[in-house]
Amino acid sequence: MNRLIIALLLIILSVQYSFAQSKSDSTTKRTYTKAEQELINLSKEKWQWMADKNVDKLATLFHDKSKFVHMSGTWKKAEELEIIKTGSIWYKKADVHDVVVEIVGDVAVVWSRITLTAEVRGNDAVTQFTVTEAYKKQGKDWKLLALTFSSVRDTHQIKH
């Protein structure tokens with residue numbers, strides 16, 4: 001009987017240890033290259049500029065041929081800047097939950113899983129998105145070519 005109790009305790013402890021290990025493995029932080037971190041920082045700044053309706057900074061960031069895909073339509077740089085300036089969409093806050101960056105030559109793609117708090121035509125909305133941002137390096141600067149919002153469930157994961 002004592003051996004059975006000891007065996008059960010060992011099994012319980014080993015199961016708890018294995019769960020603890022998998023949890024700590026999933027919470028480890030990934031390290032990024034200097035270029036990847038630069039793009040992550042630029043993407044975060046973009047969200048803040050959008051929240052602040054800072055169209056001057058955004059106009060510099062957005063490539064002249066950039067496109068923006070939203071749930072209600074697709075438009076170009078001038079239209080996106082006007083939407084932000086007038087507040088017909090006010091990107092109040094983007095909580096970024098996960099980011100993946102891929103760089104191929106002078107092109108980079110940033111995928112972010114976010115919870116976006118926005119005001120759309122006077123109505124507040126909180127929506128889960130995976131946002132895809134495409135950037136092109138021009139000289140020393142990255143220019144945003146495309147930004148696409150994809151509505152997703154909160155359980156959606158970006159493959160690293």
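Just so it is clear, none of the values below were taken in a lab; they were calculated from the coordinates. Because the structure is predicted, anything quoted here is derived from the model rather than measured. Neighbour counts are summed over all protein chains in view; Cβ atoms, including those assigned to glycine, are modelled from backbone coordinates with ideal geometry.
Among the DSSP beta bridges whose two residues both lie in the stretch 23-160, what percent are antiparallel, rounded to the nearest 5? Restricted to the stretch 23-160, the bridges split so that about 90 percent are antiparallel. In order along the stretch 94-102, phi translates into HN-Hα couplings of 10, 8, 8, 9, 7, 9, 10, 10, 10 Hz, rounded to whole numbers, per the Karplus curve 6.51 cos²θ - 1.76 cosθ + 1.60 with θ = phi - 60° and x for Gly and Pro. Shown here for the stretch 101-151: trypsin sites (Lys or Arg not before Pro) in loop regions (DSSP other than H, G, I, E, B) with at most 15 other Cβ atoms within 10 Å, namely 121, 140.
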